[in-house]
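What follows is one structure encoded as structure tokens, with my remarks underneath.
The values are calculated or read from the model by the stated rules, or taken from the named source; none is laboratory data. Remember, it's a predicted structure, so these values are computed and weren't measured experimentally. Positions of Cβ are generated from backbone atoms using ideal geometry, with glycine treated the same way; all protein chains shown enter the neighbour counts.
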Amino acid sequence: MDSVSLPVADIVDLLRTEGSDVSDIESKAASRGYPSDLAPTLSAFGNMPGGGVIVLGLNERTGFEAVGVYDAVDAKSRLGSQARDAVSPPLQVSFSSEEVDGSTVMVARVRELPSTDKPCEVTATGHAYVRSYDGDYPISEQERQGFVANRGISRNDQAPVPEALRSDLDGDLVARYVANCKARSPRLSSLPDEEVLRYTRVVTRDGTPTLAGLYALGRFPQTFLPTLSITASVAPRRGDPSGTRSSDIAHLDGPLPELLDQAVSWVRRNTSTRVRFGVDGHGRDEPEYPAEAVRELVANALVHRDLGTHALSERVTMTLLDDRLIIANPGGLHGLTVEQLGAGTGGHARNQSLYDICKDVRTSDGRRVIEGIGSGIVTVRRALTEAGMTPPHFVDVGIRFTAIVPDHALLDPDDLDWLANLPAARGLTDTQRHALAAMRHGEAWTNRSLRDMFPMDSTKARTLLTDLAERGLADPVGEGRGRTYRLGPTAGGVPPLAEGPPVPTNGADVLAELADGPLGISELTTRLSLSDRQVRYAVTRLRDLGLVDILGGTGQRRTVYRLKA
């Protein structure tokens, strides 16, 4: 479930847990009037896959305390007007209001624009924005062209490559390609080889190689299009000397099937093998990243990358970090969402001609570059699951697509046995199984630490941790950003105390200071060496629990807090 679909209470909880706005949620206090800077956020959410949520009535500076929207009816009217008039094209927004901690909060759910209408621009300036974590950023001209190119069916791969000749195609690759085409198609089998190339859009009517034909079957496509290549690098790793930069930087070139082979070999060369125990109890050496998963992800990046002139300044990139492999390509998903990947819901190939050609192009081991039946992501997930690894995380920002493959130690046989004998653990995701096994060995998780270890967004992390807590496998302790999850009673952890609601993070320290008498926020921050936000969140939650009284008004300089009489 994405943030746009979350109930209001879960949105508030997510913000308090995170401690800041997130990529698809923007919060404004709006207790004294309507915010003046929402047009860029509306633009960004309209351009963002999945849209986004604007919350009015929560104060980020005080730990997302519910301060109440100044006037819910007027706020809805103004935001609705901005969605129609302040951005172009207009956006669809649905509204709801709800009581949070006794104050009225207004929530606006902004729908993503269809790709045919992007980018969404701020009318007054003509600028379009995208979202990056918790901020709105203007797009570059190159990114704007990428949005425009996505409006229709792309035929960039069918364009002839100026100055390229028929002789610039690789003879051996072409011969094998034509043989494969004729073997699968009775119609093509009766045609001369050159006509097969023309009818499958490898060359134009006058024999000039198309972009797709040169990319897939060229002797050296980079002569004409240098960025149809891969830049691969190994980021500095733990133990490297201070100041170490990327190592084994490789610039892979050649036709697409050779790029694919080189990429798989590069990952194998720069990673180690490890022992995995099978069901028979025998250990086997296996690659750190399953070659099958790497192959499919790289093939997707190469075949589905944006081939528009606006994107030909960018390469496919591969980066190896200590704990993950990152593969990125210019161009977002085309015709489907991240949630639909591998779900059999279809979609449209960004480069249909290249896609069709690659079904008959073989790599050095005789395998097709792609199968052409939409099974690539399914294969990736299966290969990682069989290796005991967590599934990949996909990030689509509309003009760029990134696949992140976490690299985690395999679960040992003892942990696998333990999980198998936990009835409540049935149906857990691979990420939850790894997290739970770590809890068994004393690890505690927060929303952020789970995301750092297993790449995902805040909403997904919250969903997984909440599910573990609801099953009794994890015990949540604390509130908001300080909430941690330890092994729960169902999994053999210490049962939670039942004396009453938990004191929030830093709450005990605040209570100890207030035992000497009433104090203001600035005095508490000085005494406790905490940030203003940390103290405000703690006193707000303590007040909600009935442990602290406020003398004065929220935000007033002379306001102090004291222990409840």
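Considering only residues that are of a type in the set (Gly, Ala, Ser) and in contact with a strand residue (DSSP E or B) (Cβ under 6 Å, 6 or more places away or on another chain), look in the stretch 310-332 and name the one that is modelled with the highest pLDDT. My answer is Ala328.
Looking at Leu191, Leu165, Leu214, Leu197, just one residue is of a type in the set (A, V, I, L, M) and either within 17 Å of Leu302 (Cβ to Cβ) or at pLDDT below 95 (or both), and that residue is Leu214. Being out of contact with any strand residue (DSSP E or B) (no Cβ under 6 Å at 6 or more places or on another chain) and among the hydrophobic types (A, V, I, L, M, F, W, C) is a description that applies to Val73. When every residue of the stretch 397-407 is checked against the conditions, at least one turns out to be within 19 Å of Leu436 (Cα to Cα), touching a strand residue (DSSP E or B) at 6+ places or on another chain (Cβ under 9 Å), surrounded by fewer than 17 Cβ atoms within 10 Å (Cβ to Cβ) and at pLDDT below 85.
Out of all the residues in the stretch 416-442, which are acidic (Asp, Glu) and modelled with pLDDT of 85 or more? Break it down stepwise before answering.
Taking the stretch 416-442 first, the residues acidic (Asp, Glu) are 417, 430.
Selection gives Asp417 alone.
Annotation: Glu65 fulfils all but one of (1) surrounded by fewer than 22 Cβ atoms within 10 Å (Cβ to Cβ); (2) under 25 Å from Tyr537 (Cα atoms); (3) of a type in the set (D, E, K, R); the unmet one is (1). Of the helices (runs of 4 or more DSSP H) lying entirely inside the stretch 155-227, those containing at least 1 residues that are touching an Asp or Glu at 6+ places or on another chain (Cβ under 6 Å) and either free of Cβ contacts under 8 Å to residues at least 12 places away in the same chain or buried (at least 18 other Cβ atoms within 10 Å of the Cβ) (or both) are 171-184, 211-217.
On the basis of being among the basic types (Lys, Arg), more than 12 Å from the chain's Cα centre (by Cα) and either modelled with pLDDT under 85 or crowded, with 21+ Cβ neighbours inside 10 Å (or both), does Arg448 make the cut?
Values: among the basic types (Lys, Arg): yes; more than 12 Å from the chain's Cα centre (by Cα): yes; either modelled with pLDDT under 85 or crowded, with 21+ Cβ neighbours inside 10 Å (or both): yes.
Answer is yes for this residue.
Arg78: more than 22 Å from Ala461 (Cα to Cα) and of a type in the set (D, E, K, R), yes or no? In short, yes. No other residue among Leu428, Leu336 is at negative phi, surrounded by fewer than 19 Cβ atoms within 10 Å (Cβ to Cβ) and assigned to a loop (DSSP other than H, G, I, E, B) apart from Leu336.
Here the stretch 444-471 is the region considered, the condition is being out of contact with any strand residue (DSSP E or B) (no Cβ under 6 Å at 6 or more places or on another chain) and polar (S, T, N, Q), and the residue that is farthest from Thr402 (Cα to Cα) is Thr466.
Restricting Val55, Val73, Val69 to those that are within 22 Å of Ala9 (Cα to Cα) and either touching a Pro at 6+ places or on another chain (Cβ under 7 Å) or part of a helix (DSSP H, G or I) (or both) reduces the list to Val73.
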